[in-house]
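Before any comments, here is the structure.
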Amino acid sequence: MLRFLLTFILVAITSALLAQAPKPEATQYTCVMHPEVIQDHPGRCPKCGMKLVPVKKDRRHPTPNTEDPTSKTETAHSTHHPHMEEGHAMHEMKMQSSMNLTDPMSREGSGTSWLPDSSPMYGRMFMLGQDMLMLHGAAFPRYTNVRTRRGDDRIDAPNWLMGMFSHPLSDNAQLGVRLMMSLDPLTEGGRGYPLLFQSGESWHDQPLHDRQHPHDLFSELSLTYSQKFTPDLSSYIYFGYPGEPALGPPTFMHRISAMDDPDAPLGHHWQDSSHVTFGVATGGLVWRTVKIEGSVFTGREPDEDRYDFDRPRFDSASGRISWNPTPDLALQFSHGYLKSPEGLEPTVNRHRTTASIIYNKALGHDANWATTFVWGQNDDTHEGKTQSFLLESDFQHGRDTFYTRLERVEKSGHELVLDGADLEKIFPIYAASFGYVHDFAYADGIDVGLGAQFTIDHRPDELDRYYGDEVGYGLDVFFRIRPSLHRHHEMADAMK
């Protein structure tokens, strides 16, 4: 444990030093609504088409939510446009994250995790005086068919809804509240939906296999206090019941690279399954684009009653370092100790280590490309270490979206609920998914798309006696319903 802590501190110090970018001497230009867009020449924003404005030369760091009255005035005078002055001031005051007031809203992921600053935001914003309310969500009414002997087919609708609220306490302090809910207990039932080789949690006191468990009705109810000390230095305290500890990348449904895929990753319980934890306390320190945070939380996974609030235990801990070296990149490394995560195996403890790289690139006014790589490792009592690797990518151009997910996960016979000598073996599982969505209702508040996804799986021949001889595959035909992409004119309307 001491070796890990020393390594963690060394990585944190090295990353913080590397994050110091040289101060530009020449005039740079930025978008008041998308501050991650930085150019060394005038022009228009590739995301929203607004005219770029000069960045103050002596500004130490182009953090989009640094409140600098001088820079506001200078920008307004340089453009000679009263609406630009109003929009810039509104941006400086209102576009910060509900988690930490010095972070841009686009950086905010699930829990306290970070996305790339350039990430698009799908949601509806409402300004209530100085307060901000942002609503996100998605639903996937669909038909899914999973072949092989352990497969199934059904009609269901994975879904989630999230509200983020922020209230400024002063120029340097903010209170944030988040609520995330899911109607999975109704649409998926207690067993969840078919997903070949998926594992984790239980139903009727039996471990689930080849199915993705439903999420609880309340997935997050959290309160955050953030404080800015200088334009570059801030901190926050986060409490969730339930909530998400500082462990792993942003949860799959909050990653732009995975938002169009209705299925959970097979490595979910190696990477980001702790996003619903009943009892979390996290403290974080942010310096420019580097964040160090630690959590104490409940190690036990949610129980089978998806409508209740489980007993908080605060018996586990984790630490994470995050770094956004450019507006298009988000990196994280984390490690956690989870005490007795599975209710059916109370004596089994877990050490989880994860690392991820998220890349997002705006490719014009209405196009975006997002890609995520995640590595996750579980080290369980008696079982030892098992690995998971994930690569997913999502390309959106206007009404059309293409996406893919490639995975390799090591799962034990115990995880897959096998029998005999196979219980103690470790099996490599491969899966590749390819999907397409076309939005026939688009950019008018709510996007409604029709999509299809094909998944093919590969397993060792030893598993044929459980799954049969045929090739494992899954087919989804679905609607994807979500809020439209948040654009700058919607913020102006919200301010009226």
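Answer with yes or no whether Arg405 is among the basic types (Lys, Arg), more than 12 Å from Gln271 (Cα to Cα) and touching a residue at least 12 places away in the same chain (Cβ under 8 Å). Criteria met by Arg405. For the stretch 171-210, taking the residues that are within 15 Å of His268 (Cα to Cα) and free of Cβ contacts under 8 Å to residues at least 40 places away in the same chain, the one that is surrounded by the fewest Cβ atoms within 10 Å (Cβ to Cβ) is identified as Leu208. Going through the stretch 235-280 one residue at a time, which ones are assigned to a loop (DSSP other than H, G, I, E, B) and polar (S, T, N, Q)? Correct list: Thr251, Ser257.
Go over the candidates Asp152, Asp156 one by one and state the one that is in contact (Cβ under 8 Å) with a residue 12 or more places away in the chain and open to solvent by less than 30 Å² (accessible area, probe 1.4 Å).
It is Asp156.
Scanning the stretch 376-406 for residues that are closer than 22 Å to Gly336 by Cα and in contact with a Gly (Cβ under 8 Å, 6 or more places away or on another chain) yields Gly376, Gln387, Ser388, Phe389, Leu390. Evaluated against (1) on the phi > 0 side of the Ramachandran plot; (2) under 19 Å from the mean Cα position of the chain (by Cα), Trp369 falls short on exactly one condition, (1). Of these, Lys385, Lys291, which one is open to solvent by 20 Å² or more (accessible area, probe 1.4 Å) and among the basic types (Lys, Arg)? Answer to the selection: Lys385. For the stretch 311-325, give me each residue that is closer than 13 Å to Ser295 by Cα and within 18 Å of the chain's Cα centre (by Cα). Scanning the stretch 311-325 gives Ser318, Gly319, Arg320, Ile321. Looking across the stretch 133-146, the residues that are in contact with a Phe, Trp or Tyr (Cβ under 7 Å, 6 or more places away or on another chain) and either crowded, with 21+ Cβ neighbours inside 10 Å or not aliphatic (A, V, I, L, M) (or both) come down to His136, Gly137, Phe140, Pro141, Arg142, Thr144.
In the stretch 416-450, which residues are surrounded by 15 or more Cβ atoms within 10 Å (Cβ to Cβ), in contact (Cβ under 8 Å) with a residue 40 or more places away in the chain and within 25 Å of the chain's Cα centre (by Cα)? Once the filter is applied, which keeps residues that are surrounded by 15 or more Cβ atoms within 10 Å (Cβ to Cβ), in contact (Cβ under 8 Å) with a residue 40 or more places away in the chain and within 25 Å of the chain's Cα centre (by Cα), the stretch 416-450 yields Ile429, Ala431, Ser433, Gly435, Val437, Asp439, Tyr442, Asp447, Gly449.
State yes or no: is Asp380 in contact (Cβ under 8 Å) with a residue 12 or more places away in the chain and under 30 Å from Ser295 (Cα atoms)?
Yes; evaluated as a whole, the condition is true for this residue.
The values are calculated or read from the model by the stated rules, or taken from the named source; none is laboratory data. This structure is a prediction, so every number in the text was calculated from the model and none was measured. Here Cβ is always computed from backbone atoms with ideal geometry, including for glycine, and neighbour counts include all displayed protein chains. The area values use the complete protein model at the heavy-atom level, side chains included, leaving out ligands, DNA and RNA. Shrake-Rupley method; radii C 1.70, N 1.55, O 1.52, S 1.80 Å.
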